[in-house]
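All remarks here apply to the structure that follows.
We did not get these values from a lab; they are worked out from the coordinates using the rules stated. What you see is a predicted model, and the numbers here were worked out from it, not measured in a lab.
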């Protein structure tokens, strides 16, 4: 059936929407108060539906998740970080020294990368991604 031939019972939709909207305030997020409310709704839905795609609330969870994600991308975006800074952060967070990465990269090359004198190659980005268990894209310059 084509969408053009679909008939909607607008009066039934309106009645149901008014009840749902009174409870959930489901609309694009415009400020932090609405963001906090929508985040709480999303977390409640996650607690109920989880990752069960057949749960009756899973499509509502998808919709709320999209609204939260859109707001976060516009208002809570994390600025891209230099690959060398991401590497240093990951090393510090895991208590690693330069020689702990010696199986992946010679210490002199690592020193040059951390000092900003050398770039991380695509091959090395792949190895670092695998070592840290993250996307190699973190180590590719933007």
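Structural remarks
- Fluctuation leader among 116, 50, 95 - the chain, Gaussian network, Cα springs under 10 angstrom: 95
- Calculated [θ] (222 nm, deg cm²/dmol) that DSSP helices of n ≥ 4 give over the chain, each run adding -39,500 (n - 2.57): -18000 deg cm²/dmol
- Average Cα contact separation per residue, the chain, under 8 Å, 6 or more apart, as relative contact order %: 17
- Rounded is the label for region 83-139. Its Cα gyration tensor axes, ordered a ≥ b ≥ c, give a/c under 1.5.
- Normalised by the number of residues in region 90-142, the mean separation of alpha-carbon contacts (under 8 Å, six or more apart) gives a relative contact order of 24 percent.
- C-alpha long axis of helix 32-49 to longest principal axis of the chain, angle in °: 90
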